[in-house]
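These notes are about the structure you will find just below.
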Ligand SMILES: [Zn+2]
């Protein structure tokens, strides 16, 4: 049995590693909002348990076992979010914190039953892929909205689920997974972007556009 803290570390290391690099202590600390000094001790403990391998001067990488646990936590999190939104009427901006707590408490059986009740969805309400029971996941890197060429249409694939205010804002603009939009204009020097969503045009900041993933 792992502690809640250990489970959160593995999930965080998985997310950082997705970008290619080993998870440096500072990167883990930033994501978890804690001091780097307390991260090193926990990473060493995870290494002793065979869940991560530490690369000197670079950071931690998940072992096959660590990756399995991380994906299991992510599966729980995303199924819980899906269930809360689809079956219990929560807004998509209100489920992340709830799922953060429940993912550590729910049994594998409960999660599988929730998934089955939902018809085993592939993605959660924020468009994030749900790992399958065998640990496979379609976690391909997607480009962000601010990366699009002007004039090109794209379909919204997913967005960060961490900031409820951002999700509410995007929801008001009609920017949700599955929606088609088009980048109309981009102001120079990281200026705002003009985006066409259906007949509406919205001007959004490039920081917001970096949190929306498109295909
Ligand atoms: Zn979430």
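The values are calculated or read from the model by the stated rules, or taken from the named source; none is laboratory data. Owing to the predicted nature of the structure, the values given are computational and were not obtained by experimental measurement. Here the Cβ is made from the backbone with ideal geometry for all residues, glycine too, and neighbour counts use every protein chain on show.
Quick rundown of the values:
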| item | result |
| --- | --- |
| All positions within the range 8-28 that are within 9 Å of residue 60 (Cβ to Cβ) and not in a helix (DSSP H, G or I) | 22, 23, 24 |
| Matching residues in the range 106-137 - criterion: being away from the ligand (no atom under 16 Å from the Cβ), closer than 22 Å to residue 15 by Cα and more than 19 Å from the chain's Cα centre (by Cα) | 108, 134 |
| Every residue from the range 22-35 that is closer than 18 Å to residue 139 by Cα and more than 17 Å from the chain's Cα centre (by Cα) | 22 |
| Qualifying residue in the range 130-144 (condition: modelled with pLDDT of 95 or more and under 14 Å from residue 81 (Cα atoms)) | yes |
| Matching residues in the range 9-21 - criterion: being at pLDDT below 95 and out of contact with any helix residue (DSSP H, G or I) (no Cβ under 6 Å at 6 or more places or on another chain) | 15, 17, 18, 19, 20, 21 |
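So that you can scan it fast, the table gives a plain yes or no per residue for (1) within 11 Å of the ligand (Cβ to nearest atom); (2) crowded, with 18+ Cβ neighbours inside 10 Å:
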position	(1), (2)
64	no, no
68	no, no
75	no, yes
80	yes, yes
87	no, no
93	yes, yes
99	yes, yes
